[in-house]
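*Asks:* Okay, here's the structure, questions in a sec.
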Amino acid sequence: MTQSDTWSAYLTLMEQILDLTLTDERRAELLVQLTRIAGMAQPLMDYPLDDRLEVGGVYTL
């Protein structure tokens with residue numbers, strides 16, 4: 001399954017969950033935007049993190 005297929009399946013599921021109907025034009029534009037966002041986020045997702053990094057503190061009242 002290609003990334004485009006994955007985003008297309010995601011849009012189909014979101015249409016069902018949100019009870020929306022997208023036109024073909026709007027669906028195509030959303031696929032373009034989701035692909036761009038994923039491309040911009042990829043360098044951050046690829047950044048190696050040490051397994052022993054401390055997590056942020058948990059504050060309770």
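*Asks:* Around L13, what is the net charge, scoring Lys/Arg as +1 and Asp/Glu as -1 over all other residues with Cβ under 14 Å from its Cβ? Let's see the in-between values first.
*Replies:* On the way: positive: R27; negative: D5, E15, D19.
In short, -2.
*Asks:* Return the Cα extents of the chain along principal axes one, two and three, sorted largest first, each rounded to a whole Å.
*Replies:* Taking the Cα atoms of the chain, the three principal extents are 46, 33, 18 Å.
*Asks:* How large a share of the accessible area of the chain, in percent, is made up of carbon and sulfur atoms when the probe is 1.4 Å and the other protein chains stay in place? Let's see the in-between values first.
*Replies:* Details: 3520 of 5910 Å².
So the carbon and sulfur contribution to the accessible surface is 60 percent.
*Asks:* Where does the chain land at 222 nm, in deg cm²/dmol rounded to the nearest 500, when only DSSP H runs of n ≥ 4 count, each adding -39500 (n - 2.57), divided by all residues? Please list the in-between numbers first.
*Replies:* On the way: 2 runs with 39 residues, N = 61.
Calculated at 222 nm, the ellipticity per residue is -22000 deg cm²/dmol.
*Asks:* In addition: Helix 3-18 versus the longest principal axis of the chain: what is the Cα-based angle in degrees, 0 to 90, to the nearest 10?
*Replies:* 80 degrees
*Asks:* Give me the accessible area per residue for the chain, probe 1.4 Å, as a whole number in Å².
*Replies:* On the way: 5910 Å² over 61 residues.
Dividing the accessible area of the chain by its residue count gives 97 Å².
*Asks:* For every other residue with a beta carbon closer than 14 angstrom to the beta carbon of Q33, add +1 if it is Lys or Arg and -1 if Asp or Glu, then tell me the sum. Please report the intermediate quantities before stating the final value.
*Replies:* Values: positive: R26, R27, R36; negative: E25, E29.
Once all neighbours under 14 Å are counted, the net charge is +1.
The values are calculated or read from the model by the stated rules, or taken from the named source; none is laboratory data. As the structure is a prediction and not an experimental result, all values here were calculated from the model. Heads up, the Cβs are rebuilt from the backbone with ideal geometry, glycines too, and the neighbour counts pull from every protein chain shown. Please note that ligands, DNA and RNA were not included when accessible areas were found on the heavy atoms of the full protein model with its side chains. Shrake-Rupley method; radii C 1.70, N 1.55, O 1.52, S 1.80 Å.
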